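Reading through the structure tokens given below for one structure.
The values are calculated or read from the model by the stated rules, or taken from the named source; none is laboratory data. As the structure is a prediction and not an experimental result, all values here were calculated from the model. Counting neighbours? That spans all protein chains shown, and the Cβs are built from the backbone with ideal geometry, glycine included.
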Amino acid sequence: MHYRYIVYLFEFMLTNILFSLAWGSLFTALDGKKSCSRFEIYLFSLGLGPAFTTMFLYYMLLLMPRRSSLFYFSAVCCIHLALLVVFRKSLPLLFEELRGGIKAFAGAVRSNCTEICFFNEDRHTVRCDYQKLMNIFAFVFITLCVLFLLYVGFIAIGNPLLGHDISAYGVRGNLYFSNRAITYTQYPFDPATGYVNYSRHAPSFPLLLTWERITEELFGVNGDVFFRIICIYYFMLIVSAQVHFLSKRNLVLAFIGILALVSSTIFFRKVVYFHVDTYRIFFLSVSFIFFVRSIRKGDNLSLLLFTVFAGFSAFAHSLGLFIALFCILAILFIMKSGFFERLGKVAAVTAGLILIGGTHYVIDTFLGTGWIFR
Amino acid sequence: MKGRNRELYVFLLIGAVTAACVLVSVLVIGIASASKNGGFYYSYRGIDTPLRLLFHGYLGLFFRINTFGFLSWIAVPCLIYIFFTLRRRASWEIAVAAVYFLSVLVVGIKGFYNARYAFSIFPLSVTLVLLFIHDLIREKTVQVRAAVYLALSLIVIVNVFANVPQYRKYLSTITGDGSPINRGIYDFINGVNRKASGNVNFLVINQPDFYYYSGARGYTYKDNVFTGVRGLYTEEGILDIFSGRTAEEAFGIMKEKYNIGYIYINERKRQNFHEIDDIIRHGCSLVFSDESSMSVYRMEDYFDPVKEIESLEPVYTDDFSAWTGLPAHMTASEYREFDFPLKVSGIRGEFDITLKQENGDRYLVISPHELSDTSERVLQFTYSFEKGEDRAIQAKSGDFFVTSIAMRQWTQGDGKEQGDGEKAELSVFIQDFSGNWERESLAADPKADWNNYVVYKRIRAGSETVITGIYFVPVDPYQSIGIREPAVYVVPTDARK
């Protein structure tokens, strides 16, 4: 294998898998009451590694600018490794549940596909021949869909970054890297290239390219494969989350869901032409799941996870910020608990949201281009 | 049990009404899309039809079938149903419905021009719809459930088959090696930049890929209807360079003050930048273009060929406008038998051609033949110039070919009255052939008085055939046009000096 591909693979495994597992372990450890499925926590956490990486990079480039690539790289790695070490005991829980799921699934296949449902919460509902038959078909089609998507995603990695927005994000990521800083001015003109960074784009997505540049500089490689893989990676995460969520009801529903999603031309287009969309929509969708759980259960972990995912949704796109604000209003007015308790929870969620995804908007509004007011 | 059955029937009724809306929107929008492509740009430029704007724009999440598929509209009856059963809903259901509704409102109002915004909540929308339906039929018999699931499966399978051409189109654009399609354009830009030792700037027409892939310096020009940002992004700020200035003056400022020597533009979007299009047509020559429709133009001297023809003699006058030998009245089919330079090169239906004289000027009147015939009529008159023929092209590559013609139009047969009905489609055009046809066209809307129309086109390298003419599509049998004094000029490139 070519050296640079090994570097890309290393970057992917480090950022998307290892860092994500660190966050998965943390949230599993925090879930003492097992209020959430471990598998779900890890599945959704798989999107958190790159997102937290950009958040740390953002604050470091803002507060500690113009340091070496090695400094930023090691700082991000150290934070995640520390998390992994501290919460190492939670890590095996993932594999336990995953192993249990595979065993249950294999058992179901062996017993003539009687109960092919992933982690079915109400298995008694599938004990009929029609349902069995439909489940078998649905399972086969879901597998085919996922394989086809993986194939399309794999060959689509070869596509260049030619769309308007994706190249604008790319230029921004390159600027963060070349300046080794995030600065705010009313009119951010770059005299060297003539580029004016005057868009309303949020910084999370371009910082993924900055992270790639930082990492690859250390290994003497130059490319944007990691940045391109990210779009496909989150696309697969959205599909996985949807299949998982719907298959808890039944597999036919999951089959209809996955086909409705990926057969739409806009979704298919996003696999082939890269964009921020899959990245931001993943966080938006998952934040919505935890928003519903927060209202239904009122537990702190769901609220925390809602804050984290809604924060990253906002950090990726301003639409995420607005929808997060709607969710917060709903929590304030609809959640069933005492008013002051709700007020306290909303204050905590808002603070977390600003910390994770809102700082950029606040600074840009008052010290930068004016964001929402222009 | 009875209550739940009634709920299901109510839901199915609402679904049927919405399905009828979808059907109407598909039909109407389908008809609208068949004649005009590029819905995104129509909405984006604020020139969409109200119907398309409503269904394709504001309610795009539900009714933009070609983008979101056939399933997403089901969210509408679900929302209506939830609204009418709000009192019986749990608090979390109300919360979900409220946030979903507000999100739909935001993407509809603020992001109607771009389906990407509606796309943000599309996965959520599909999932919620499926969960809602699942919940609704959960306690029904297996047969009912199977029927509902089969119907939903059928909808999404139809969606897959309906979109196969789109999937193929997207997949065919994958280049495979991660390099930009025809990377040559960035090499070319970098080469120009090196040659000028970095002392030349590019005018970048809203194409950030320029900054991502090339090492040259550029000034971005944007014209965004919705953000209201229009102008040149300079060191001093955003300069609305065309405000209060002619295109020629703006051209001069770009060249002199900002040292812009080249323009980098996506040809597919060029129609959205009228002033830039003017500048390219009057003052630039194409130096590089690729298959992905990206072009680089070199800025030369601003030059308006229309001004130049005042001091030039037409090159092919005599036998063009002299209608000598023509009978006073004939049909277009009969006209084809006469050997006149002005040929009928395309005809659908039948037309009358009448030779008339007014104050010593002879002119032709063209009108639909049968007034009672309302079928579609099209007529194309052309002069053609071909290498090696009697009327050879007397223009070199880069020269301007200019056609001038006077026209008038009536909407009441041969009378003078100008009607208020739908206008006829009428244009003067020039096209040259250099591997493919490229046409410059000028839409004409003449009144009862004579109006002069001038269209011009820069002749491309290797062009061996040039055709110029008139394209006329009357929309009712009473619309007729008069033409006189056609003249063709060639304005050589060196006339600009």
Got at least one residue in the stretch A:186-206 being more than 8 Å from every other protein chain (Cβ to nearest Cβ) and under 20 Å from A:Gly158 (Cα atoms)? yes
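Could you tell me whether A:Arg342 is among the basic types (Lys, Arg), more than 30 Å from A:Val152 (Cα to Cα) and touching a residue at least 60 places away in the same chain (Cβ under 8 Å)? Don't jump to the end; show me each part of the working.
Numbers: among the basic types (Lys, Arg): yes; more than 30 Å from A:Val152 (Cα to Cα): yes; touching a residue at least 60 places away in the same chain (Cβ under 8 Å): no.
When the stated conditions are applied, A:Arg342 does not pass them.
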For the subset of the stretch A:66-87 comprising residues that are assigned to a loop (DSSP other than H, G, I, E, B) and of a type outside the set (Gly, Ala, Ser), which member is modelled with the lowest pLDDT? A:Phe87
Could you check the stretch B:64-91 and list, in sequence order, the residues that are farther than 21 Å from B:Ser120 by Cα, assigned to a helix (DSSP H, G or I) and of a type in the set (Gly, Ala, Ser)? B:Ser91
If you go through the stretch A:244-256 one residue at a time, how many are within 20 Å of the chain's Cα centre (by Cα) and either over 21 Å from A:Ser37 (Cα atoms) or within 7 Å of chain B (Cβ to nearest Cβ) (or both)? 2
Anything in the stretch B:108-118 that is more than 7 Å from chain A (Cβ to nearest Cβ) and assigned to a helix (DSSP H, G or I)? List them, or say none. B:Gly108, B:Ile109, B:Lys110, B:Ala118
Given the options B:Thr49, B:Thr67, B:Thr127, name the one that is facing another protein chain (nearest Cβ under 7 Å) and modelled with pLDDT under 90. B:Thr67
Restricting to the stretch A:266-281, and then to whatever is more than 9 Å from chain B (Cβ to nearest Cβ) and assigned to a helix (DSSP H, G or I), can you tell me which residue is farthest from the chain's Cα centre (by Cα)? A:Thr278
Do we have any residue at all in the stretch B:160-169 that's among the basic types (Lys, Arg) and facing chain A (nearest Cβ under 9 Å)? no
Residues being farther than 19 Å from B:Tyr9 by Cβ and more than 9 Å from chain A (Cβ to nearest Cβ) - total across the stretch B:130-153: 0
Note on the stretch A:53-85: residues aliphatic (A, V, I, L, M) and without any contact (Cβ under 8 Å) to a residue 12 or more places away in the chain are A:Leu63, A:Met64, A:Ala82, A:Val85
Quick check on the stretch B:191-219: of everything there that is small (Gly, Ala, Ser), more than 7 Å from chain A (Cβ to nearest Cβ) and touching a strand residue (DSSP E or B) at 6+ places or on another chain (Cβ under 9 Å), which residue is farthest from A:Thr193 (Cα to Cα)? B:Ala196
Criterion (of a type in the set (Phe, Trp, Tyr), in contact (Cβ under 8 Å) with a residue 40 or more places away in the chain and in contact with a helix residue (DSSP H, G or I) (Cβ under 7 Å, 6 or more places away or on another chain)) met by exactly one of B:Tyr186, B:Tyr167, B:Tyr113: B:Tyr113
Would you call B:Asn201 closer than 30 Å to B:Asn114 by Cα, in contact (Cβ under 8 Å) with a residue 60 or more places away in the chain and in contact with a Lys or Arg (Cβ under 6 Å, 6 or more places away or on another chain)? no
Residue pairs within 6 Å by beta carbon, gap of at least six or interchain, first lying in the stretch A:230-242 and facing chain B (nearest Cβ under 10 Å) and over 10 Å from A:Phe282 (Cβ atoms), second among the β-branched types (Val, Ile, Thr) and surrounded by fewer than 24 Cβ atoms within 10 Å (Cβ to Cβ), listed first then second, are A:Gln242/B:Thr127
